[in-house]
């Protein structure tokens, strides 16, 4: 069998910002890194998994009689956290890929589906999070070293009123939380409830985000409304992926560069937009300026999926895995998907805009997640570097896969030097995040300039 790799240019590329990728490559799953993915199905109960390189559907034992949503994979790839619809409300379960260790999470309240996942790089060790209607986003400590999970203390991470449409996703890493619709929080009601939020969790992620001051304060005006959805946060907390809305898209770039209008009425969901996470202490700007000036990547899908409404052909439910270079998502599960006659889960290598379907075109996959055998998470919330080895004029270059990845600059923030602040920049000089971290031994994998 011969697989063709095709590049599809667009005549308007020169008019778009450099981070817009309208040219798309269709990939061969055999060329993906070794790994696996998990998913549910729109037309069947249960949770399934398969190799990324060669599709072979396997039902996870013990899930066959359950309607599931939003499966999340643990940092080591050994456990899956998934929600299930029950007559009494949402229920969370932890289990391994072979179905062993199946355990109901003792939330003591119905979970607001699908607001759940693992807290990545958290200050309290291994934690899961979940949404409880009328309460907020709660965290629960869990020990996953044994045959079955052992649960510990709970805490309130984000104080919210969970309401409305909840399927659009949420991610938490360290002191970063990103979501939309789910964050209708106390003073947050001043802003449009369906706009995405970037929230900084106080005290290095140990506290509770409970006020407007914890949100990055983008300015709210008529050209900044964004009815966005399908959000996830990279495991290192640096990038938020989502489907953008149409409200902020205005000339000069809106109609041709961002995957929202697509020449059709309501023709959005034609590819993800990746944004840098911005902490609450950073200066505000309008959402329109933020997209045009700060976007990490804008990824258009393959041409055969364009030119339809979002119901007829749309990509949804984006999820990062243990490599931030990839996203996984699903092609629409709407009844009118027959207009493109193609369903399935897709891996997107966003730096090259390579789109690879990892299921059959008839598999109605929903809520996918992936794990690469060789993947490595960059933990921005890892322990700090001794102040004697860092000064403001001695930056560190962080390498990834043998190539420069980002720049970190550390300087003491107290006279005693007991803590240090780390400023992290991408290679385009954009501030990604600021961390106040205790000084301890240096993490591995960092190279001085």
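FYI, it's all coordinate maths here, none of it is from the lab. Because the structure is a prediction, the values reported are computed rather than measured. Cβ placement follows ideal geometry from the backbone for every residue including glycine, while neighbour counts extend to all protein chains displayed.
As a rough footprinting exposure proxy, the listed residues 150, 348 were ranked by other beta carbons within 10 Å of their own, and the order from fewest upward is 150, 348.
Estimate the FRET efficiency between residue 51 and residue 351 by the formula 1/(1 + (r/R0)^6), using the beta-carbon distance for r and 25 Å for R0, to the nearest 0.05. With a Förster radius of 25 Å, E is 0.65.
Each of the peptides 61-69, 73-81, 236-244, 100-108 was scored by the mean count of other Cβ atoms within 10 Å over its residues; in descending order, highest first, they stand as 236-244, 73-81, 61-69, 100-108.
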